[in-house]
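Heads up: the structure comes next, in structure tokens.
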Amino acid sequence: MQRTLQIGIIGTGMMAHSHAIAFQRIPGIQIVACCDVDRNRATEFAKVFGIPHVFSEFNDLLLLPSLNAVSIVTSDAFHPEIAIAAAKRGIDILCEKPLALSSEQASEMAEEAERAGIVAMVNLSYRRSAALHAAKKLVDAGAIGQVRHVRAHYLQSWLVSNAWGDWKVGPQWLWRLSTGHGSLGVLGDIGVHLLDFATYPVGLIKDVQCRLSTFEKAEGNRIGPYTLDANDSASISCTYENGAMGVFQLSRWTTGHLNSVELAIHGDEGALLINLDESYSQLHICQGKHIHKAKWTVREYKAAPSVYESFVRAVRSKRNSEPTFRRGALVQNMLEACVLSAESGLIQEVRHDFR
Ligand SMILES: NC(=O)c1ccc[n+]([C@@H]2O[C@H](COP(=O)([O-])OP(=O)(O)OC[C@H]3O[C@@H](n4cnc5c(N)ncnc54)[C@H](O)[C@@H]3O)[C@@H](O)[C@H]2O)c1
């Protein structure tokens, strides 16, 4: 029989609910503790999910003797300090994205986790798309030839639609708009997903050119203690290591899209397209003789495990699994190159090393 794994959740805001629901669906998992600097929020969360121990200081949660693993679901700025403390105690970690606010911090997290020999994964949650894994296998096998172009977008509209509530009164939206509250803007929030999604099947990026915009959204671009200065729209063009050209768009203003992710990969012998609005498991393919008439077919793939499921499997087997902190740090290098390019107006090389 499998032993019960005991997990603690640090940060009990919006996304923590998804973590708790996902973990409670997996047999043999007990969420034993939760923690939030807002103790009332943590107490409410514990009631909803039947969690016995509640803390307002993460170091106290890490002292629980029976703890096997933690999920770090705080706002972005606090991931590094908490992850490094957990790694030093030998506790396995699933950390939310982006790993950190800088490449320096992200690589320190990866190094610390590797030194401790723990399972340390980053919640690049779109890895649960079976179509993405199928696309990688096809590209690696040469099924679409030499990749020439990659087009991708991640489009949201929560600044102009009310589908997710009123962003002007929700701290969970306001910190995402403020560099002073530790946000890298749309780039750090959803760009991190897109950069992983668009490079996992095709390979790493050599250089980027990025434009960022921060459109006016409130009087003086301030609401209470939040200065709304973080980027909310991005256009990125890049060159892959294999010579392909990439074009990516990110926005929180794209009316008509709530949370749309799309990736198209064009090789000289075929093309692949994933549209997550349609399906996580369907891959559109135009290949072989069909390229002459641009005729596409759709293939359905068996569901892939979620990052939560992969994490639990990794903790049980004591073998780290993708997406690891090292992968998170590589994506952080891409984010940092985008920021530097936007600041300088120049093409920026992407580092593939640490620190
Ligand atoms: N993987 C995904 O698809 C996905 C989706 C949404 C959010 N996220 C990530 O999840 C994280 C949380 O986002 P959210 O939307 O839940 O934000 P949120 O503001 O709703 O929740 C963050 C919580 O962390 C708490 N907190 C802050 N500092 C803390 C600390 N030092 N110790 C304990 N608690 C602390 C806050 O009080 C708040 O309750 C972010 O990093 C975000 O990028 C990931």
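The values are calculated or read from the model by the stated rules, or taken from the named source; none is laboratory data. Just so it is clear, the model here is predicted, and its values are computed rather than measured. Backbone-built Cβ (ideal geometry, glycine too); neighbour counts: all protein chains shown. Surface accessibility is based on the protein's heavy atoms, side chains included, excluding ligands, DNA and RNA. Shrake-Rupley method; radii C 1.70, N 1.55, O 1.52, S 1.80 Å.
Pairs under 6 Å by beta carbon, first residue touching a residue at least 24 places away in the same chain (Cβ under 8 Å) in region 48-63, partner in a loop (DSSP other than H, G, I, E, B) and surrounded by fewer than 18 Cβ atoms within 10 Å (Cβ to Cβ), six or more apart or different chains?
As it stands, the answer is L62/R89, since those pairs meet every condition given.
Among (1) touching a strand residue (DSSP E or B) at 6+ places or on another chain (Cβ under 6 Å); (2) hydrophobic (A, V, I, L, M, F, W, C); (3) over 30 Å from A116 (Cβ atoms), where does F311 come up short?
F311 satisfies every listed condition except (3).
Among the residues of region 306-335, which ones are over 29 Å from Q6 (Cα atoms) and surrounded by fewer than 20 Cβ atoms within 10 Å (Cβ to Cβ)?
Matches in region 306-335: none.
I need the full set of residues from region 277-302 which are hydrophobic (A, V, I, L, M, F, W, C) and open to solvent by less than 100 Å² (accessible area, probe 1.4 Å), in order please. Step through it out loud before you land on a result.
Our first condition is that a residue be hydrophobic (A, V, I, L, M, F, W, C); within region 277-302, this holds for 283, 285-286, 291, 294, 296, 298.
Correct list: L283, I285, C286, I291, A294, V298.
Yes or no: R128 touching a helix residue (DSSP H, G or I) at 6+ places or on another chain (Cβ under 9 Å), farther than 17 Å from G246 by Cα and not aliphatic (A, V, I, L, M)?
yes
Across region 144-202, what is the number of residues that are among the charged types (D, E, K, R) and open to solvent by 60 Å² or more (accessible area, probe 1.4 Å)?
4
Hey, any hits in region 93-101 for a residue that's open to solvent by 10 Å² or more (accessible area, probe 1.4 Å), touching a residue at least 12 places away in the same chain (Cβ under 8 Å), farther than 22 Å from D36 by Cβ and not hydrophobic (A, V, I, L, M, F, W, C)?
Checking region 93-101: not a single residue is open to solvent by 10 Å² or more (accessible area, probe 1.4 Å), touching a residue at least 12 places away in the same chain (Cβ under 8 Å), farther than 22 Å from D36 by Cβ and not hydrophobic (A, V, I, L, M, F, W, C).
Could you tell me which of the residues A294, A304 is on the phi > 0 side of the Ramachandran plot and assigned to a loop (DSSP other than H, G, I, E, B)?
Result of the check over A294, A304: A294.
Just give me the residues in region 1-35 being touching a residue at least 40 places away in the same chain (Cβ under 8 Å), near the ligand (Cβ under 7 Å from one of its atoms) and either open to solvent by 10 Å² or more (accessible area, probe 1.4 Å) or assigned to a strand (DSSP E or B) (or both), in sequence order.
Result: I10, G13, M14, M15.
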